[in-house]
Amino acid sequence: MRSQSYELSLTTQGPTYPPSEVMDANGDFIVIGRVNRGTPDGGVSSEWGRAIVSAASPMPPHGEQLPYRIVRELPEQLTAADRDMVLYTLPLPLPINNYPMLFAPEGCPQAHYVERPSYPFHEVPIPDARPEDGLRVTEPVTLGQWVQAQGWMEVSLVDRGRAAEFSFEFSGLVPDSMYTVMSLRENDLAPAPVGPSRPGPLGIPNVFMTDRDGKAHYRATLPNPFPAEGAPGPKRIVNVVLLWMSYQQNYGGAIGYFGLGGDIHAQLKLQTASFQEFTTTAG
């Protein structure tokens, strides 16, 4: 197969811990993604859904799952009060974070020791910004606005199967705002000793801006993103995640400084590991 199209799914979640990369004003997680629930046999199911999850939920070791403490369910058709809910970053250090990974080991090696409160998205303290410089995101970002996001991706093999081009079209995003696209590889979320490994950007420069209507497009070409099983070098890309950047900064070869709701916030992704239909080769 030389090309394939995909529709991305709305989310607020990266991995299942922290449960979400978005909080409400009460300090609870707004989860659109996999919701961990207890099963009658004492196990855990992790099905796609929507819920408000308590920040007091228990945290298991990385690679394991526990039921979330669900404050309440979120309906597919949001109520007016839910649509008006203002979105917040996660505080630092990140709560219920069992992903032991630095996202910017060169740029911010002490990220795990930074302490900051949770901020409304429109009030994040962007470094060196002054009101007179013309901040673009000045109004609250609400859940009703967040769920308008849509994204479509086409993946095409190029350079005689030695590379792949990823092309995206987006609508309904936060207007006049900075985003990045993250690549997730096979071992990035795997428990020790196989992983985890650091996720990276899908292309460098790794950012784009939405227009005043929340529309944007993005394109990146990566060398050998889908190597055969057992091939040397980096592992296969298995998912891509659209991330809103609350600090409105480009971090070069990193997707963010704090990650997972501290300064990057997942809004669209594929629900399951994908791209099995592709195989690329090294140059």
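Values in this text are rule-based calculations from the coordinates and carry no lab data. Computed from a predicted model, the values in this text were never measured in an experiment. Positions of Cβ are generated from backbone atoms using ideal geometry, with glycine treated the same way; all protein chains shown enter the neighbour counts.
Most tightly packed first, judged by the mean number of other beta-carbon atoms within 10 Å of their residues, the peptides 87-97, 46-56 read 87-97, 46-56.
Only DSSP H runs of four or more residues enter the estimate; each adds -39500 (n - 2.57), and after division by the residues of the chain the mean residue ellipticity at 222 nm equals -500 deg cm²/dmol. Under a model in which nothing but the beta-carbon of Lys, Arg (+1) and Asp, Glu (-1) is charged, the chain shows a dipole of about 560 debye around its Cα centre. Per-residue packing, averaged as other Cβ atoms within 10 Å, sorts the ranges 226-238, 122-134 into the order 226-238, 122-134, beginning with the highest.
Couplings for the stretch 224-240, taken from phi via the Karplus curve 6.51 cos²θ - 1.76 cosθ + 1.60 with θ = phi - 60°, read 6, x, 10, x, 5, 3, x, 5, x, x, x, 6, 5, 6, 10, 6, 10 Hz in order; Gly and Pro are left as x. Neighbours of Gly203 by Cβ distance under 14 Å: Lys/Arg scored +1, Asp/Glu scored -1, total 0. Ordering of 74-85, 58-69 by packing is 58-69, 74-85, highest average first (other Cβ atoms within 10 Å, averaged per residue).
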